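Before any comments, here is the structure.
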Amino acid sequence: MTSAPDRPAAALPLRPELAGIEPYGAPQLDVPVLLNVNENPYAPSEQVVADVAAAVAEAARGLNRYPDRDFLALRTDLADYLATESGVRLDPAQLWAANGSNEIMLHVLQAFGGPGRTALSFAPTYSMYPEYARDTSTAWVVGRRAEDFTIDPGHARAAIAEHAPSVVLLASPNNPTGTALPADTVRVVLDAAAQVPGGCVVVVDEAYGEFRRAGTPSALELLADHPHLAVSRTMSKAFGLAGARVGYLAASPRLVDCLRVVRLPYHLSAVTQAVARAALAHAPELMAQVGSLREERDDLVAWLRARGFTACDSDANFVLFGTFDDRQAVWQGLLDRGVLVRVTGPEGWLRVSVGTPAETAAFRDALVEVTGR
């Protein structure tokens with residue numbers, strides 16, 4: 001048998017702006033203490049596991065059929081949950097869900113971004129935002145956060161007036177800094193966005209919203225008066241369902257209908273819907289864990305400051321801390337001791353997720369060994 005002659009590899013017609021780009025992803029390493037991707041450190045209880053398994057088994061009996069593409073039952077459950085969690089009662093028609101808040105954001109950019117349009121945010125912020133813009137051929141511009149990582153309302157107003165974006169993305173609490181936005185700052189952004197010719201959608205990304213400190217409001221409270229506002233949440237963090245991939249968004253029914261136009265057919269599987277609804281039935285139990293994680297976070301901030309580090313006030317389940325002349329060396333030193341944190345944010349800073357008390361203790365011990373503090 002003769003072998004085929006060598007042929008040069010055929011060129012693939014990759015979009016030029018994607019050439020040479022590495023796929024997004026935090027390091028996934030097999031170490032004892034994983035504190036780098038802001039997961040909930042607590043696995044679901046045996047009762048939650050049993051109820052999820054039963055719900056999946058029931059869904060499996062109908063897997064020969066397509067799922068409910070508008071998942072009204074799940075949207076109703078989400079509305080009930082938010083009424084309890086935030087005190088804001090929404091109609092199910094105001095809720096939308098997808099495979100993680102990442103897909104929610106992509107739906108937003110598919111619907112309201114695109115060629116000739118601009119998305120705006122304020123850096124440092126979540127590193128996926130410019131990727132959503134890139135993937136939808138939306139121009140990406142950033143304003144700057146202040147030294148304390150807050151957003152100056154005057155700067156925000158000026159940036160919106162200058163760039164006339166069709167989408168503004170505000171993470172609150174912000175990733176990687178943990179900073180929550182005051183309602184007055186969000187109102188300034190909304191008022192400025194309302195002046196943009198052709199309209200502007202403002203998305204407040206509350207992926208870590210359940211971890212906010214007492215007295216920190218949710219942007220859900222502003223929905224009734226602002227039809228161009230959308231508030232994004234996820235079940236990955238507070239609910240400990242990172243592996244289930246369920247994100248959702250609250251907005252006006254008209255805005256939600258725009259997202260329905262761009263979604264893929266049957267994008268939320270029957271199994272995903274069943275898992276989410278079973279978990280929502282256990283919201284009180286899961287929110288109790290959130291309370292303990294808040295306490296662990298606040299104790300960690302206090303400990304870091306007592307050791308001479310700078311630690312940002314956080315309304316999330318992580319803490320940005322520093323600053324280091326060589327943060328990569330500190331990161332490596334922690335990793336060498338079995339603790340994985342994240343190199344992210346401005347130069348000199350590291351981010352650590354809040355873990356169990358044992359995981360946090362391991363992080364503290366390793367950081368003392370690495371830095372000598």
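Below, the figures for the structure above:
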{"read-out": "Listed candidates [x] 20, 46, 29, 5, 0; [y] 22, 34, 8, 10, 17, 8, 0; [z] 27, 56, 16, 1 - label of the one calculated as P(r) over Cα pairs in 20 Å bins from 0, in percent", "value": "[z]"}
{"read-out": "Taking all pairs of distinct alpha-carbon atoms in the stretch 69-120, Kirkwood radius in angstrom", "value": "12.6 Å"}
{"read-out": "Estimated [θ] at 222 nm from DSSP helical runs (n ≥ 4, -39500 (n - 2.57)) normalised by residues in the chain, nearest 500", "value": "-12000 deg cm²/dmol"}
{"read-out": "Compactness of the stretch 183-286, expressed as Rg and Dmax over alpha-carbon positions, Å", "value": "15.5, 46"}
{"read-out": "Top positive-direction residue, dipole computed over the stretch 324-364 with Cβ charges, set Leu334, Gly348, Ala358", "value": "Ala358"}
{"read-out": "Of all accessible heavy-atom area on the stretch 235-309, the percent that carbon and sulfur account for (1.4 Å)", "value": "54 percent"}
{"read-out": "Top positive-direction residue, dipole computed over the stretch 1-90 with Cβ charges, set Leu90, Asn36, Pro16", "value": "Pro16"}
{"read-out": "Relative intensity, log₁₀ I(q)/I(0), of the stretch 228-323 from a Debye sum that treats every alpha carbon as a point, q = 0.11, 0.25 Å⁻¹", "value": "-0.51, -1.24"}
{"read-out": "Point-charge dipole on Cβ atoms (K/R +1, D/E -1) for the stretch 82-168, about Cα centre, debye to 20", "value": "200 debye"}
{"read-out": "Rg to Rh, two decimals, where the stretch 110-214 supplies the alpha carbon set and Rh follows Kirkwood", "value": "0.94"}
{"read-out": "Overall Cα dimensions of the stretch 11-51 - principal axes, largest extent first, Å", "value": "52, 27, 15"}
{"read-out": "Residues of the stretch 17-138: accessible area per residue with a 1.4 Å probe, Å²", "value": "50 Å²"}
{"read-out": "Amide proton proximity set for Thr344, modelled H, under 5 Å, gap of 5+", "value": "Arg351"}
{"read-out": "For the chain, share of DSSP beta bridges that run antiparallel, in % to the nearest 5", "value": "45 percent"}
{"read-out": "Cα-centred dipole magnitude for the chain, charges only on beta-carbon of K, R (+1) and D, E (-1), debye, nearest 20", "value": "680 debye"}
{"read-out": "Normalised convex hull volume, the stretch 150-202, alpha-carbon set, Å³ per residue", "value": "68 Å³"}
{"read-out": "Sites Ala183 and Leu12 - FRET efficiency at Förster radius 35 Å, r taken between beta-carbons, to 0.05", "value": "0.15"}
{"read-out": "Kirkwood-based shape ratio for the stretch 1-128, expressed as Rg/Rh from alpha carbons", "value": "1.08"}
{"read-out": "Charge context of Ala59, other residues only, Cβ under 13 angstrom, K/R +1, D/E -1", "value": "0"}
{"read-out": "Residues of the stretch 319-364: accessible area per residue with a 1.4 Å probe, Å²", "value": "37 Å²"}
{"read-out": "The stretch 201-258 versus the stretch 135-154: alpha-carbon centroid distance in Å", "value": "19 Å"}
{"read-out": "Computed lengthening from Asp70 to Ala361, 0.36 nm per intervening residue step minus Cα-Cα distance", "value": "100.3 nm"}
{"read-out": "Gain in span if fully extended, Arg157 to Ala83, counting 0.36 nm per residue against the direct Cα distance", "value": "23.5 nm"}
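The values are calculated or read from the model by the stated rules, or taken from the named source; none is laboratory data. As the structure is a computational prediction, the values presented were derived from the model and not from experiment. All Cβ positions, even for glycine, are placed from backbone atoms using ideal geometry, and neighbour counts span all protein chains on display. For the accessible areas, the whole protein counts, side chains as well, though only heavy atoms, and no ligand, DNA or RNA atoms are used. Shrake-Rupley method; radii C 1.70, N 1.55, O 1.52, S 1.80 Å.
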